[in-house]
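First comes the structure, then the notes that go with it.
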Amino acid sequence: MEGNLRTGTTTVGITLKDSVIMATERRVTMDHFIAHKDGKKLHRIDAYAAMTIAGLVGDAQVLVRYMTAELQLFRLQKKVSMPTEAAATLLSNILNQSKYYPYMVQILIGGYDTAPHIFSVDAAGGAVEDVYASTGSGSPFVYGVLENSYTRDLKLDEGIDLVIRGISAAKQRDSASGGMIDVAVITQKNGYVPLPEQEVLERIKTMKLKF
């Protein structure tokens, strides 16, 4: 996430048989300057949905507030969570309406309704669902890890380790990515559950990754 028009960050989301796993790092940059070492880029927007943000800080934070309010309102009115595809479509419409004066963002929306979903949404409102997705300047390094190791049959612990390895690979080569890794799991049973920082650090140590 950057303070200018470039998109410097690394975020990732993957779907498994019965879960969604999303992760980001925390470095916030302005060109070559590290503006903040502990920026929040992974946001819970509903009991069963989350967003990762990359791009202009102000634009991204406004969209998180919009989406959180809309999903909470939907839950109050309908007594159920908004389906993930509907949330992605809502965000897509918000972005498309402003495409001539765009929000400079790349966003992942992940959630669990009747199944796990990950959508990548661009600044013009294009929304694409996939089994996994990554955004930001570190995403090519993440995709290298995912293409080599991802399968839908991964167990939850294996999936968590995979997204941590992907973010770690990006941190080693992308100067706009760094700091602590935030990870959250979304399941039908437990909804959105962030991993404790200590657990992430222990997994990094166990896999012998560079921090």
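The values are calculated or read from the model by the stated rules, or taken from the named source; none is laboratory data. Worth saying up front: this structure is predicted, and the values here are computed from it rather than measured. Heads up, the Cβs are rebuilt from the backbone with ideal geometry, glycines too, and the neighbour counts pull from every protein chain shown.
Annotations for the structure displayed:
- The number of residues in the range 172-186 being under 21 Å from Ile34 (Cβ atoms), buried (at least 22 other Cβ atoms within 10 Å of the Cβ) and within 15 Å of the chain's Cα centre (by Cα) comes to 3.
- Boolean, Ala169 is at pLDDT below 95, surrounded by 15 or more Cβ atoms within 10 Å (Cβ to Cβ) and not basic (Lys, Arg): no
- Tally, over the range 32-65, of residues that are free of Cβ contacts under 8 Å to residues at least 40 places away in the same chain and assigned to a strand (DSSP E or B): 4
- Scanning the range 138-159 for any residue that is over 14 Å from the mean Cα position of the chain (by Cα), loosely packed, with under 15 Cβ neighbours inside 10 Å and under 17 Å from Gly191 (Cα atoms) turns up at least one such residue.
- Spans of strands (runs of 3 or more DSSP E) in the range 99-211 with at least 3 residues in contact with a Leu (Cβ under 9 Å, 6 or more places away or on another chain) and of a type outside the set (Ser, Thr, Tyr): 105-112, 116-121, 181-187
- Taking the criterion of being buried (at least 16 other Cβ atoms within 10 Å of the Cβ) and farther than 16 Å from Ala54 by Cα, the only residue of the range 125-137 that qualifies is Tyr132.
- Members of the range 14-33 found to be at pLDDT 95 or above and farther than 12 Å from Ala54 by Cβ, listed by number: Ile14, Thr15, Leu16, Lys17, Asp18, Ser19, Val20, Ile21, Met22, Ala23, Arg26
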